[in-house]
Amino acid sequence: MVKLKYKKMKLYDVYPLFDINIVKGKGCHVWDEKGDEYLDLYGGHAVISIGHAHPHYVEMISNQVAQLGFYSNSVINKLQQELADRLGELSGYDDYQFFLINSGAEANENALKLASFYNGRTRVLVQEKAFHGRTSLAVEATHNPKIIAPINANGHVTYLPMNDLPAWEAELAKGDVCAVMIECIQGVGGIRLVTPEFMKGLRELCDKYDTVLICDEIQCGYGRSGKFFAHQHTDVRPDIITVAKGIGNGFPMGGVLISPKFTPVYGQLGTTFGGNHLACAAAIAVLDVMKQEGLVENAAKVGAYLMEELKKFPQIKEVRGQGLMIGMEFEEPIKDIRRKLLFEKKVFTGVSGTNVIRLLPPLCLSMEEAEEFLKRFKEVL
Ligand SMILES: Cc1ncc(COP(=O)(O)O)c(C=O)c1O
């Protein structure tokens, strides 16, 4: 194709950017345009689950787009069923129903909508420091006033302290709560874990007061915690589970797993792009690789090793997490450590607030790559 010249158009400047242009990825490594190689302990914000450019993933998407990229949800798409079958088996939720959309926020919007259709109520309880997305009700359910626009502040949501069951009971007992939405491991909130006792109590209370229990597994789910879902570290089964991020390994998509107690109604939910052929091919490839390469088990093993080693660093105040979702809290702001890691040691990491470094690597991180990270990390401390 001939290269044409265009006038400049400004990008809407909402992201503070690192001056790095990533152009290539393979497994747990990425390369910038100058050819510098980086170890990826961030997975592009917990999105890269099976590793960058996995050959099976590349093949599945390439073949699918050459065959058919998209057709609408008005005709049968057998790939959706193939995906649901795999997901049901790997997650242990084969008795649930699956609805596909395009992002995490959209998954949560649909989950809350389903809950409200179910019990006719409008109040939602979430944890303090919760992050559930940036759209309408998802952003209202996010505990950050800076990103809630006046048009989103509609008084539906109450924020409650994590693991403080009496506080949740006091609200639930009012009998008007539509849904409780929980991150079993808070991501943006700083890698904080619910206790199994809290989840058990919450399940009982939701049953008692006919409130829908939703687990937002968008960041902590899909194998990241060392079990398929983070709530599976407790004995509780939620009524609705939302997924996104790792489901497509970079292909933008989200999903909602819905208990059999919800009866689908034609037209009640819908989407143009959700569950399209290309997205399904990507998500099927992800689950194939997760199963064949034992990535959930790998996340548990390598994550446990990393946490054990990180706990030996006296500079770190606290190490929290499960599997390959790890937070390291420092007494002081971590901005400098993170910059040094990135620019001097070529390691991508994430952050929560000012004092927590967040690790969210691809689930295929090997023991050798974990060792390499620990070595480079030690050098910057
Ligand atoms: C727990 C959680 N829920 C929801 C979202 C929103 O997902 P998305 O950015 O795909 O809309 C995120 C994104 O970071 C998240 O971490």
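The values are calculated or read from the model by the stated rules, or taken from the named source; none is laboratory data. What you are looking at is a predicted structure, and each value in this text was computed from that prediction instead of being measured. With ideal geometry, Cβ positions are generated from the backbone for all residues, glycine too; neighbour counts draw on all protein chains shown.
Only one entry of A115, A111 meets the criterion of being in a helix (DSSP H, G or I), within 23 Å of the chain's Cα centre (by Cα), surrounded by 15 or more Cβ atoms within 10 Å (Cβ to Cβ) and within 12 Å of the ligand (Cβ to nearest atom), and that entry is A111.
Filter the range 281-329 for residues that are part of a loop (DSSP other than H, G, I, E, B) and in contact (Cβ under 8 Å) with a residue 60 or more places away in the chain; which is surrounded by the most Cβ atoms within 10 Å (Cβ to Cβ)? Per the stated criteria, the residue is L324.
Kindly indicate whether any position in the range 122-130 is of a type in the set (K, R), under 21 Å from the mean Cα position of the chain (by Cα), surrounded by fewer than 21 Cβ atoms within 10 Å (Cβ to Cβ) and under 29 Å from K208 (Cβ atoms).
Start the filter on the range 122-130 by keeping residues that are of a type in the set (K, R), which leaves 123, 129.
When the remaining residues are screened for being under 21 Å from the mean Cα position of the chain (by Cα), the result is 129.
Filter once more, so that each one left must be surrounded by fewer than 21 Cβ atoms within 10 Å (Cβ to Cβ): 129.
Filter once more, so that each one left must be under 29 Å from K208 (Cβ atoms): 129.
Yes, the range 122-130 contains at least one residue that is of a type in the set (K, R), under 21 Å from the mean Cα position of the chain (by Cα), surrounded by fewer than 21 Cβ atoms within 10 Å (Cβ to Cβ) and under 29 Å from K208 (Cβ atoms).
Out of everything in the range 44-98 that is without any contact (Cβ under 8 Å) to a residue 12 or more places away in the chain and hydroxyl-bearing (S, T, Y), what residue ends up being nearest to N108 (Cα to Cα)? Of everything passing the filter in the range 44-98, S74 is nearest to N108 (Cα to Cα). Scoring L257 on the criteria (1) within 16 Å of the ligand (Cβ to nearest atom); (2) surrounded by fewer than 19 Cβ atoms within 10 Å (Cβ to Cβ) leaves a single failure, condition (2).
Condition first: assigned to a helix (DSSP H, G or I) and free of Cβ contacts under 8 Å to residues at least 60 places away in the same chain. Now tell me which residues in the range 344-376 satisfy that.
Quick first cut of the range 344-376, residues assigned to a helix (DSSP H, G or I) only: 367-376.
Hits for the range 344-376 are E368, E371, K375.
Selection of first residues in the range 132-154 that are closer than 18 Å to C215 by Cα and of second residues that are near the ligand (Cβ under 9 Å from one of its atoms) and among the β-branched types (V, I, T), restricted to Cβ pairs under 7 Å at least 6 apart or on distinct chains, gives the following pairs, ordered by first then second residue: H132/T142; G133/T142.
One residue alone among S49, S74, S103, S91 is over 17 Å from P362 (Cβ atoms), in contact with a Pro (Cβ under 7 Å, 6 or more places away or on another chain) and small (G, A, S), and that residue is S103.
Contact list please: Cβ distance under 6 Å, first residue in the range 216-242 and crowded, with 22+ Cβ neighbours inside 10 Å, second residue of a type in the set (V, I, T) and part of a loop (DSSP other than H, G, I, E, B), pairs at least six apart or on different chains. Sorted first by the residue in the range 216-242, then by its partner, the pairs are T242/I218.
Hey, can you tell me all the residues within the range 330-381 that are at pLDDT below 95 and among the hydrophobic types (A, V, I, L, M, F, W, C)? Matches in the range 330-381: L381 only.
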